[in-house]
1. If you take every DSSP beta bridge whose two residues both sit in the protein assembly as shown, what share of them, in percent to the nearest 5, is antiparallel?
2. Ignoring ligands, DNA and RNA, what percent of the 1.4 Å accessible area of segment C:175-239 is carbon and sulfur?
3. So, by mean Cβ neighbours within 10 angstrom, what's the order for B:168-180, B:95-107 with the highest one leading?
4. For C:Leu188, project a label point 7 Å along Cα to C-beta. Then give me every residue of segment C:226-256 with its amide nitrogen under 20 Å of that point.
5. From the helices alone, meaning DSSP H stretches of at least four residues, give me the mean residue ellipticity at 222 nm for the protein assembly as shown, per-run term -39500 (n - 2.57), in deg cm²/dmol to the nearest 500.
6. How many partner chain Cβ atoms sit within 10 Å of a residue's Cβ in peptide B:270-281, on average, as a whole number?
7. Under 24 Å from the Cα of A:Lys141, which lysines turn up, not counting those fewer than eight places away in the same chain?
8. Calculate, for A:Ala69 and C:Val300, the FRET efficiency according to 1/(1 + (r/R0)^6) with r their C-beta to C-beta distance and R0 25 Å; round to the nearest 0.05.
Amino acid sequence: MTPFRSMLLAATAAVGFAGPAEAQQRIPVGHLMDNSGPTSDVGVPYGQGVADALAWVNRRGGIAGRQLAVSGFDYGYQAPRAIAQYQAWTQRERVVAIQGWGTVDTEALIAFVTRDRVPYISASYSAALTDPTGRAPRADKAAPFNFFYGPSYSDALRAMIIWAAEDWKARGGQGRPKYVHMGANHPYPNSPKAAGEALAAELGFEVLPAIQFALTPGDYTAQCLTLRNAGANYAYLGNTAGSNISVLRACQTAGVQVQFLGNVWGMDENAMKAAGVAANGVVFPVRTGVTWGGDAPGMAAVREISRGGASAAAEYRPVHYLAGVCSAMLMVEAMQTAAADGGQVTGDRIREGFYARRDWVPQGFEGVCNPSNFSAEDHRGQMNVALFRSVVTGDTTQGSVAELMRAGTMRLEPVTTITLERRQDWLGW
Amino acid sequence: MNWELLFQLTLNGLIVGTLYGVVAMSFVLIYKASQVVNFAQGEFLLVGAWVCWWLLTEHRVPFLWGFLVTLAFMTLFGILIQVVVLRPLIGEPVISVIMVTIGLSIFFQALMKWMFGVFAQPFPPIFETQVVNVMGLEVQSVYLMSLVISVAIMGGFAWFFTASKHGLAMRATAFDQQVAQSLGISVRQVFAMSWAISAVVSAVAGVVVGVVNGVSSALSFYGIKVFPAVILGGLDSILGAVLGGIIVGVLENVAHFFDSTLLNWGNMYQIAPFYVLVLILMIKPYGLFGTRTIERV
Amino acid sequence: MAAIAMTPCGDFRQSYREDTTIFPTRLSRHFAIAGVALLCLVPLTGDRYVLSLMIQMGYLGIAALGLNILVGFTGQISIGHAAFFGVGAFASAWFVEHGVPVLLAMPLAGVATTAVGMVFGIPAARLKGLYLAIATLAAQFIIEDFFARARWFTGGVAGRITQPPSLFGFAFDSNETYFYVVLVWVVLMFVAAANLMRSRDGRALVAVRDHYLSAEIMGINLTYYRTLSFGISSFFAGIGGALYAHYILFVSVEAFTILFSIQFLGMIIIGGLGSVMGSMMGAVFMVMLPEVVQWFADAVAGGMIDRALRLGNAVSFLREMVIGAAIILFLIFEPDGLAHRWRLIKAYWKLYPFSH
């Protein structure tokens, strides 16, 4: 054989072997979670949801035959650790996407992920992350690589205010209803404040001055008494579960009659157990179509994910678990779009994958994950907000969450789904 | 001026303030006896709350017995901390000891989360009536319990420090360690006792907070609330600590009243104690009841 | 006297000027210069993770040095250092927002922080000991509250985006390039601090710490020097904050909490109070401790010990507990800090075999 032909043969052999070798190459993904820090009470179930879903995808063959190499890191809600871990991930593992967690890590990493072109799917639903170009009238930063599954905090509050207006009329309320925003003077509770108060004013509510209470549990009788004194009808609790519980109990003791509106991280089954009867009647947004135990075609897949999970097989999974599953599945399907027809799975292509579908529900999760729509100018995935009401009818101090839900002492009742207009002037705040 | 609301808020401040006073008392006790600033005070509350919760829910112990067992456990706990961690540091600069208590707080926060999980847990109902009406204000009965207990503790301390041998030994040690040792007082025992008593008192406060708010890891933030109370009252005065706590409680609530009815700034509840603290320190640098150290060359 | 006894033979001083050099011996000066030259080569390895850790050590070390000047050299206490760090970060971002080039905004931010620090230093003249500590705690909460409310300065609760430094169009926006910016500032600030300590003002600060009544009798104005100390310490904190802001490119009020202040205290206590080098050693310790523990946790996870104890998720709790325990054990065995231990090690080798 001539040298040229042997070289050609060697080259063909190399390509031939490299083909399947390429297919074995794992896709590196980063996963930040908080299992031990201040937000761990909601971080643990969400993180489990993401991890279990990704493990399930791997068991079923991965993405186009390639397994996901998921690198999980518990950063304890301390931004410096998240930043250091991010540097390690982009340097060594060369992650192509990251499942993030809260405000502190998401915001610290915006500039970095934009520069490195790594899609960041967070559990922080701040409206400031929804403007990819930064050109919306009230937006102040461009976040082209930030995505999240679910309605933004601002849109969720807008939906609850629209419901409150309808509820006021349905109850036969006289005059203008009074709305008040309650929360700490802190980025997380303040995220939807301006949006909520603006829409409330637009819809004819009398907007009372906001009432502040800290993010830590404490005695909030004073806030409840002023709430009663001001005659508020609808109060939005903007803090996380720990301090919301204190307010609910203090207001129950003080005999305050107010319709409380919760936020996604401020009310869940564990908070219902901790607050007991004080949490009865709180209306809050749920990111999935049903809660655990609900009836939907997609629940079969979710139950399969839960059974095979690395976390202890639990009898009951809180709302955050399902949201974590849907969040992970969005990323997975975007990767599948990128990998279709033998394409490279890179950050840019994953991002394009997010824009590829309309009314996107991950396959196999119908009825559980709500439809999302992302576009290059608008990262507001969901404009439909499902509202549920927490119903607590008895003593919650004995028995686990699973037992209480089974016995019916605690229930989550669907109230309604509000569809928001995709208004351009609402983008980014 | 909504006088009724102001009255209710002041009353609430007084009642809640006694709780702050209890926490402040436990802090001052340690400082007075061993000159240590205990940054882990909040974690003492947390440990007491979790242990009591565990006894009441996992083992269905009646409240009175569970509470007493918790107090006994906290006595041992306080002594253990003092012996294991703080005794090697006697004589070292105060700031190193402060850092060690900070290390302790990190350690116990993580340990409590590991042992009892990260979710907030409610306390089982303790009293027949959960809520009592006091002069028009609805108050949780457990706050009244804490009021009664704190008055009892104050009375107990008053007797202890003036009439009992151990109490006098503690005062002597706080005044001058060397002279106390020369009189035959075992300084080590005095330190251990002061930590044990402080742990017990913290546990009482912890249980009260747990009953009202549910037990969660964020309970330890009550330890930070104690600092303005302690400074207002003067660092080495137990009476001052209690009064400081009550002042902080009333201040928070009254400031909130003015804020919500007149000013509408929103943050006076959190920040007013700190502003007042700075003001008082400018006028009286040793707090209201603290001993003014006379400086000699 | 001990310092003179430690210099090797042949390295003698013939004038006061020679006696008050920043580096005690010629050899230590050469080591320091060689060390900086070696650090200049680190970005060439290209490991972003290591570089990011070193950048963190850089800006935290500068701020810790400021706190050490206040606590170690002047004998005050401050539990509000994170607030001043935050003032520096926000001030730098604010200046950049208003058109000042980043490399100029950094020292300006330091000056702005100095002004704020001196305002809080004035009450310090009357307060002593723990009362002062709690007053600084109050300052921490008051400044934190100010950050949350002052939209014009901090962007309110949404935070503020800022830019990386650039010189003649070249932007220092990657770990490799920003490392040099931080290195320059670290060298500048540490040399400045060492210089301060050998000057008249530095000696006055130490006199205030050691026996303020005697210092006052000697004619040192206590109020002036205590306030000055707060001002200087805030300048260092401001520079540290500005470096932090232009690295993360996003400044948010959430970052400057009481826990952060306590971490600074930890850095100087573990590093050694009253020691310039100790500040950097403490910063290195506090940055590396979680990483080292995490490394152990990763090594253990999934291995024999993990299965034997069924740790699973609890590894993160164990990590926090080990961090707390490490701080406690370190202080039990070396309460004077790393700098003191380093001095003992050096003395051992210098006097070998006669050390005991």
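The values are calculated or read from the model by the stated rules, or taken from the named source; none is laboratory data. Since the model is a prediction, treat every value here as computed from it, not as a measurement. Neighbour counts are summed over all protein chains in view; Cβ atoms, including those assigned to glycine, are modelled from backbone coordinates with ideal geometry. Each accessible area value is taken on the protein alone, full model and side chains, heavy atoms only, with ligands, DNA and RNA left out. Shrake-Rupley method; radii C 1.70, N 1.55, O 1.52, S 1.80 Å.
1. Among the beta bridges of the protein assembly as shown, antiparallel pairing accounts for roughly 50 percent.
2. Details: 1760 of 2790 Å².
Solvent-exposed carbon and sulfur of segment C:175-239 make up 63 percent of the total.
3. Those peptides, ordered most packed to least, come out B:95-107, B:168-180.
4. So the set is C:231-249.
5. Values: 42 runs with 636 residues, N = 1082.
Theoretical 222 nm ellipticity from helices: -19500 deg cm²/dmol.
6. On the way: counts 9, 9, 0, 2, 9, 4, 1, 7, 8, 1, 0, 8.
Mean inter-chain Cβ contacts per residue within 10 Å come to 5.
7. Cross-link targets: A:Lys193.
8. For A:Ala69 and C:Val300, the calculated efficiency is 0.80.
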